[in-house]
Structures are given as structure tokens and as C-alpha cells.
Amino acid sequence: MAEVHGLMDRLDKAVVRLEELLSTSCFSKSTGNDVVNGINGGVAPYVEAFDALLAGSLEQYVQNSKILGGDVQTHAMLVENAFKAERLFLVYASQHQQPPEAALESLLKPISEKILEIQTFREKNRGSEMFNHLSAISESIPALGWIAVTPAPGPFVKEMADAAAFYTNRVLKDYKNSDVRHVDWVKSYLSIWNDLQAYIKEYHTTGTSWSSLLTKDAPQEKDSTSAPSHPPPPPPPPGPPPSIDMFNSKSRDDVSQDRSALFAQLNQGEVITKGLKHVSDDQKTHKNPKLRGQAAPVRSPTKSQASDSSSRKSNPQQSHPPLLELEGKKWRVEFQEGVNNLVISDTELKQVAYIYKCKKSTLQIKGKINSIIIDNCTKLGLVFDNVVGIVEVINSKDVQIQVIGKVPTISINKTDGCHVYLSESSIDCEIVSAKSSEMNILVPHNGDYKEFPVPEQFKTSWDGSKLVTEPAEMMG
């Protein structure tokens with residue numbers, strides 16, 4: 001037991017040392033080539049390349065964020081801290097062999113916490129004038145999880161970076177002709193992920209490159225021919241679970257264990273046949289015609305199989321209590337099902353409404369609020385008076401929205417089936433859609449509504465100087 005505590009102490013000291021070195025030497029350019037970050041021999045080439053990325057595209061993004069100021073600047077500081085945490089991880093990987101899964105989860109925890117902090121900041125500032133800026137970062141920042149992705153971390157980063165395009169396009173649309181500072185901000189932020197993909201392709205093509213050398217902090221392997229002087233200590237206890245289950249390590253453990261068990265059986269050689277039962281000639285059907293007409297006995301399930309099957313059927317999906325409450329300045333309407341008389345009446349201009357996983361329900365929002373978000377809802381009806389910001393529909397199905405007063409923008413993203421009934425005063429509302437289908441806008445016409453489908457198919461052509469995209473004729 002004392003040896004286990006000694007091992008844990010050494011690991012703790014190693015982590016503390018790396019943290020101190022990061023705080024004092026990260027991004028330092030004055031350190032000599034023979035000693036970098038307090039470690040003789042300098043940093044690994046891929047750490048130096050990562051430092052170049054931080055001093056290049058990341059630094060440019062931070063500077064452009066400072067120019068815009070406000071929430072964008074605060075958010076940029078959180079992003080910079082997340083990259084610093086990732087840099088610390090890469091320094092550790094360059095000096096150590098890949099640790100067991102439990103220890104790896106502990107190493108990844110600081111990065112996952114930084115990612116959560118960035119996304120939480122966006123959720124707490126939904127009323128921000130820079131909400132599209134914050135959303136672009138929040139949607140793409142999970143790309144920092146590439147260090148735990150195999151065998152293709154590069155495509156993973158691209159997929160996460162593409163998630164920002166929906167919001168960066170909004171920023172470009174709003175400021176392209178009015179404020180070039182926001183355009184520069186978008187370009188500098190997207191260049192971070194482009195540079196990171198090139199970096200991964202060169203140094204970590206199939207996953208994080210761990211050191212092939214043992215360090216003094218790692219346990220040394222002993223010669224199998226020599227007798228140990230004392231029994232080996234028990235393995236250290238597993239580390240705490242990560243705060244965000246974004247790396248899905250459990251499935252990799254199960255697969256590796258199953259594969260190891262299979263190989264162990266195959267490697268038995270001739271010994272594997274010792275467990276077979278000898279069958280005499282009178283039990284063989286090809287030598288005993290009387291057995292051919294008999295049906296094989298049907299085995300009834302064993303007790304363990306029956307109990308396992310019944311337990312799977314008896315475990316329903318986890319249910320959540322329905323919710324309709326005001327939390328700070330956010331109205332939360334969650335897990336409502338089959339309720340057709342939901343009403344929010346005591347509203348204020350600074351409040352937002354978040355509607356999550358509601359099914360076969362109807363909600364009416366009276367008065368004027370800042371914004372409304374519909375997320376993961378099915379067969380939901382929403383009626384509202386006035387929204388000064390935006391109404392967003394995300395990952396939903398069969399949603400109907402009726403505007404009584406006025407709304408400037410309605411966004412439909414990853415949704416199948418959305419009908420929007422506009423009022424006379426909301427005719428100039430902008431409809432922004434992406435990755436959605438079966439969208440229809442209904443406008444007032446002679447005391448009734450006239451329905452217009454939103455195009456889902458487009459054609460793009462080159463006009464000699466640029467690409468021109470327009471709805472396909474069938475949707476016209």
C-alpha cells in the first residue's frame with residue numbers, strides 16, 4: 001500500500017511540475033535551445049509547431065476579438081485558455097508513453113472543463129448583441145477533443161469547424177458592408193481550424209503521437225527471467241471520470257477486451273480440442289438412419305438468459321419531470337408532452353424562452369421577449385406576440401409557429417417539417433434555413449393564408465466572375 005501511495009505522489013508531483021512550467025514558460029521565445037520549459041533537450045517538434053499555431057492564427061483571433069471588445073473579447077480569453085490546456089497535454093504526451101484509459105481520462109479532464117466553460121458562457125449570454133459570434137465558437141470548440149480521437153482526428157476537426165459556418169455566415173451577412181472588423185474576426189477564427197487540420201495531418205495523422213521512451217515517472221518493465229525481490233504492488237485506483245463524455249472511451253475498452261479474449265482462445269492450439277465430447281457411431285446420424293427422422297431437441301432459455309431478457313424489457317427509458325419555470329431571465333419549457341394549454345404571460349423584454357424536448361404540445365407566449373429557441377421538439381405548436389431578436393428551431397420535427405405581432409428573423413436548422421404563419425406586421429421577417437426539409441411559410445391573403453414552400457434544392461453556376469446560386473426551377 002505504501003508503494004501505491006508513493007506512485008501516486010510521483011504522479012501528482014509530475015502534474016504540478018508541468019502546470020508550473022506551463023504558467024511560467026508557455027509561449028516563451030527567450031528560452032535557449034538546450035533547455036525549453038525546464039526540460040533538457042528542448043520540446044518535441046510537434047509541440048514547437050503547436051506553439052507556432054498559437055502565436056499565429058490564435059493570436060490574430062485574440063487580437064481581433066479585443067478590437068470588437070465586450071462578450072467577444074471575454075469569450076476569446078476562454079478560448080485561449082483552452083488552447084493553453086491542450087498545449088500542456090501535448091507537452092506531457094511528448095514526454096510519456098500513452099497511459100491506461102483511466103489515467104488518460106484524468107489528463108483530458110482540464111480540456112473538457114475548458115470546453116464546457118466556453119459553451120456555458122454562450123448559454124448565459126443569449127441576449128448578447130454578439131450572440132452569433134459566441135455561437136460560432138460554442139458550436140465548433142469541441143474540435144479540441146481531437147487529441148482523444150482515432151484513427152482520423154483531422155476529419156473530426158473539420159466536422160466541428162463546419163458547425164460554425166451557420167453562425168459565421170450570419171456575422172458576414174450582418175457586417176460585410178458595414179464593419180470590416182467583424183469580417184476580419186471571422187477569417188481569423190476560421191483560420192485557426194484550418195491551421196489545426198494541417199498541423200494534425202503532419203504530426204498526428206492517426207491520433208496523438210505519444211513518446212516511445214520511458215520517463216523516470218513511468219514504471220519500468222522488469223526482465224521476465226529475473227525473480228522479483230518483492231511482489232508487485234496492486235494497480236492504482238482509477239482516476240475520476242471526465243466531466244464531459246465526449247471521447248466515448250468505454251466502447252474502445254469493451255472491444256479490446258473482447259478481442260483479447262478471442263485471441264487467448266485461439267492461441268490454445270491443440271489444447272482447445274480437449275473440451276470436445278467424443279461421439280460414438282450409434283449417435284451419428286449418417287451411420288444411424290433411425291436418428292434422421294427425429295427433430296433436434298429445442299432448448300429452453302436458461303434462468304440467467306430469461307432474467308436478463310426480462311430485465312431489459314422492464315427498464316424503461318429515463319423520464320424527466322415536465323418543467324415550465326422562469327430561471328433568472330430564461331423561461332424553461334421542457335419535457336412537456338400532450339399539453340395543449342401552456343401559457344407564458346408575465347414576460348419582459350430582456351427575457352428569453354427555451355423550449356426543449358416537448359411533444360404534442362401547444363405553447364402561447366404573450367407580450368414581448370428577446371428570443372425563443374425550440375430544441376429537439378416534436379409536433380409542437382408555438383404562438384407568440386412579439387420577439388425583438390430571433391426565433392430558432394433546431395433538431396425538431398413537425399413544428400408550427402404563428403406570429404401575432406412582429407419578429408425580425410426566424411432560423412430553421414436541422415428540422416423536418418416546419419410551418420410558419422406570419423402576421424401582416426411580420427411580412428418582412430427573414431427566414432434563414434439550413435439542413436432542413438418540408439418548410440412552408442404562410443402569409444396573410446384576403447382574410448386567409450397563402451402557403452409558399454421554402455426551397456430545399458438549389459443550382460449553382462459560374463457567371464464568369466463568381467458562383468451564383470438560386471433555387472432549382474422545380475421549387476420556384
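The values are calculated or read from the model by the stated rules, or taken from the named source; none is laboratory data. Because the structure is predicted, anything quoted here is derived from the model rather than measured. FYI the Cβ positions are ideal-geometry reconstructions off the backbone, even for glycines, and counts take in every protein chain you see. Please note that ligands, DNA and RNA were not included when accessible areas were found on the heavy atoms of the full protein model with its side chains. Shrake-Rupley method; radii C 1.70, N 1.55, O 1.52, S 1.80 Å.
Determine the sum of side-chain charges near Gly154: Lys and Arg each +1, Asp and Glu each -1, restricted to other residues whose C-beta is under 15 angstrom from that of Gly154.
Local net charge: -2.
Give the peptides 337-347, 160-170 in descending order of average Cβ contacts within 10 Å, highest first.
Descending mean neighbour count gives 160-170, 337-347.
Report the full-extension gain for the segment Lys435 to Glu159: residue separation times 0.36 nm, less the Cα-Cα distance, to one decimal in nm.
97.9 nm
Phe458 accessible area, nearest 10 Å², 1.4 Å probe?
Probe radius 1.4 Å; accessible area of Phe458 about 120 Å².
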